[in-house]
Amino acid sequence: MIPVAKRPTKPTPERRAPDANAGRSAESPKRQVSGTAAGEVGIGLIGTKFMGRAHANAWSQAGRFFDLPKRIRMRCVAGRNPIETKAFADRWGIAAATVDWRTLLEDPAIGLIDVLTPNHLHAEMSIAAIEAGKHVACEKPLAGTLEDAKAMAKAARAAAKRGVKTFVWFNYRRCPAVAFARQIVEEGRLGRIYHVRASYLQDWGKASTPLLWRFQADQAGSGAHGDLNAHIIDMARFITGDEVTEVVGSIEQTFIKERALVTGGGGEIAGKGATTKRKTGTSTVDDAVLFLARFAGGAVASFEATRLATGNQNRNQIEINGEKGSIKFDFERMNELLWWDDTLPSALRGWSRIMCTNGGDHPYASAYWPAAHLIGYEHAFVSMAADIALALGGKKPVVALPDFDDALQTQAVLEAAIRSARERRPVAVRELV
Ligand SMILES: NC(=O)c1ccc[n+]([C@@H]2O[C@H](COP(=O)([O-])OP(=O)(O)OC[C@H]3O[C@@H](n4cnc5c(N)ncnc54)[C@H](O)[C@@H]3O)[C@@H](O)[C@H]2O)c1
């Protein structure tokens, strides 16, 4: 039998209201932070698939690679299928498993709830956790809709007064090359920034990919846009230290309008292993969104996200051009940062390929392996878990951690791009937040 953390039989106000607004009522208990005492941060995870694996690995590895003020312990995981959830807990060394995520709210050993579910569930789960006095780390995008994101940021702001902290998993900030790009900009090595050119290109959204939750607006909010543009908007804001003020124009395109209905399985991002019906359903999200924007500091920017860039599997790239130099990052070569130093004599100018793996020189590099012993996708999550534990232990994270308020800015840019595409007009971000 699945070992489930005990929960009281008396229903809480959240349990009596199982709709999307559950946990937001004025009667909800506003509890003090629990589960981070005695040198330990107890983690409760919700979600067991793609991000479930990435995060369970991160929480279990962080204390092995970083010196942390508190020990991290995964106390319970919540999923939907009891057998799969128990197997997940066994595989990752998690003490308990449950199919009722609200159990985590009642567990005094849990100090942080990690929300790894489809986007439409982020608000309900995060707000209930915040109100139960738990810190929350939520996957990106902050929510499926701007309205949900605003409610989450509002709840987080109110709970911050009681010591509750929130975090959003914009993991690409923690690729050493991206964190190093931020340092280069901060040190003024690019000078005035003219252009930000960001694109996140994938190609798994082919016609053969079934109608997963990622293609349903009521669950995902949007398609490639919220999934991929969210990452590059955050990266652009993070590296430049500047804010997008206006989306000038935008295109939203759905190429594949009908997809096979899913009957079961489909844990992989492209629905690999899913069983499907002959019958199809309508995709209600974009396959691609491209937009132009302006930053407060005067830079102009282009953003492009698509799941149909055939041949580009996970090409998350950003290029920034400044008066004194430029940088380029491509996640498919994630250990490297390209740098053009325009202050050099013209005969010496050229793109330098910097391997961002030197301990002591490059962010996070000293936590892992000797120079040029490369790291991979999972390390940015491990580094983020470590930064969260540092922040909860009163220490400075290696790189700034986005909270719900910070992620709300990214969400507002996403919304501005969608409105701009649908209303065919420029949209100022301040109209929205
Ligand atoms: N940071 C990144 O790079 C990155 C990458 C992929 C996904 N994500 C984000 O992570 C989130 C999850 O994506 P995923 O790829 O892991 O999705 P997935 O479909 O692989 O997994 C979703 C999980 O949520 C669980 N779930 C759904 N409803 C639930 C409920 N009511 N109670 C408990 N569990 C429930 C499912 O059982 C499953 O385990 C999304 O918000 C997505 O945007 C982020």
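Read-outs: derived from the displayed coordinates by stated rules, not from any lab. Note that the coordinates shown come from a computational prediction; the quantities given were computed from them, not determined experimentally. Neighbour counts run over all protein chains shown; Cβ positions are idealised from the backbone, glycine included.
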Shape call for segment 303-433 from the C-alpha gyration tensor, a ≥ b ≥ c root eigenvalues: rounded (a/c under 1.5), prolate (a/b greater than b/c) or oblate?
oblate
Classify segment 50-134 as rounded, prolate or oblate from the Cα gyration tensor: take a ≥ b ≥ c as the square roots of its eigenvalues, call it rounded if a/c is under 1.5, otherwise prolate when a/b beats b/c and oblate if not.
oblate
Taking a threshold of 30 Å on the Cα-Cα distance, which of the pairs Lys49/Lys161; Lys49/Lys206; Lys154/Lys328; Lys134/Lys206; Lys140/Lys206 fall above it?
Lys49/Lys161; Lys154/Lys328; Lys134/Lys206
Which of Cys175, Cys138 has the fewest other C-beta atoms within 10 Å, and how do the rest follow up to the most?
Cys175, Cys138
Sort 339-352, 245-258 by the packing proxy (mean of other Cβ within 10 Å over each peptide's residues), most packed first.
245-258, 339-352
Dipole magnitude (debye, nearest 20) for the chain, charges at Cβ of Lys, Arg, Asp, Glu
960 debye
Based on the mean of other Cβ atoms within 10 Å per residue, sort peptides 99-112, 271-284 so the most packed one is first.
99-112, 271-284
Packing-based ranking, highest mean first, of 211-218, 147-154, 404-411, 80-87 given that Cβ atoms within 10 Å are counted
404-411, 147-154, 211-218, 80-87
Share, in percent, of DSSP beta bridges within the chain that are antiparallel, nearest 5
60 percent
Quote to one decimal, in nm, the extra length available between Glu332 and Glu431 on full extension: 0.36 nm per residue of separation minus the C-alpha distance between them.
32.1 nm
Can you tell me how much longer the chain between Leu348 and Asp67 gets when fully stretched, taken as 0.36 nm per residue apart minus their C-alpha distance, in nm with one decimal?
97.1 nm
Using Cβ contacts closer than 10 Å as the measure, can you line up Ile320, Ile375 from fewest to most?
Ile375, Ile320
Please enumerate, by chain and number, the aspartates and glutamates with C-alpha under 13 Å from the C-alpha of Lys277, excluding those fewer than 8 residues away in the same chain.
Glu258
Fraction of alpha-carbon pairs in the chain farther than 29 Å apart, rounded to whole percent, equals 47 percent
